[in-house]
Amino acid sequence: QVQLVESGGGLVQAGGSLRLSCAGSGRALSGLPMGWFRQVPGKEREFVAAISWRGGRALFADSVKGRFTISRDNAKNTVYLQMNSLNPAEPAVYYCAAGLSFVAPMATARYDYWGPGTQVTVSP
């Protein structure tokens, strides 16, 4: 069993940056692909980024390419999402998730464990 907890959310001005962290417990995250998703009320959870278990491969949604980076520190059992140039269309609850394979990592169904989420708010 894996427990995930996100942190680092908050209020930021448009154009600003935030770094989200996802800390794992219960088992090592080092063998698990990890993903970040976001969701606003009334909409489906949306893929943001994913990283393979060693960190050698990363995948991003087109809307965040060039602005967001995903990384992991397996020694700290933590995955990060660096978000730059945030825009007012991006406030949401951001979730991290752990899966068992890096096949189709954009799909929520590929992930078995989810954190409770952290709120990101972007002011104009």
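Do you know which residues across region 80-118 are under 18 Å from Thr69 (Cα atoms) and part of a strand (DSSP E or B)? Once the filter is applied, which keeps residues that are under 18 Å from Thr69 (Cα atoms) and part of a strand (DSSP E or B), region 80-118 yields Tyr80, Leu81, Gln82, Met83, Ala92, Val93, Tyr94, Tyr95, Cys96, Ala97, Ala98, Thr118. Can you tell me which residues in region 33-61 are open to solvent by 50 Å² or more (accessible area, probe 1.4 Å), assigned to a loop (DSSP other than H, G, I, E, B) and farther than 26 Å from Leu11 by Cβ? Selection gives Trp53, Arg54, Gly56, Arg57. Does any residue of region 109-120 turn out to be at pLDDT 95 or above and of a type in the set (Val, Ile, Thr)? Scanning region 109-120, I find at least one residue that is at pLDDT 95 or above and of a type in the set (Val, Ile, Thr), so the answer is yes. Just one of (1) under 14 Å from the mean Cα position of the chain (by Cα); (2) polar (S, T, N, Q); (3) open to solvent by less than 50 Å² (accessible area, probe 1.4 Å) fails for Ser30. It is (1).
The values are calculated or read from the model by the stated rules, or taken from the named source; none is laboratory data. Values in this document were obtained by computation on a predicted structure and should not be read as measured data. All Cβ positions, glycine included, derive from the backbone under ideal geometry; neighbour counts span all protein chains shown. Side chains are part of the model used for accessible areas, which takes the heavy atoms of the whole protein and leaves out ligands, DNA and RNA. Shrake-Rupley method; radii C 1.70, N 1.55, O 1.52, S 1.80 Å.
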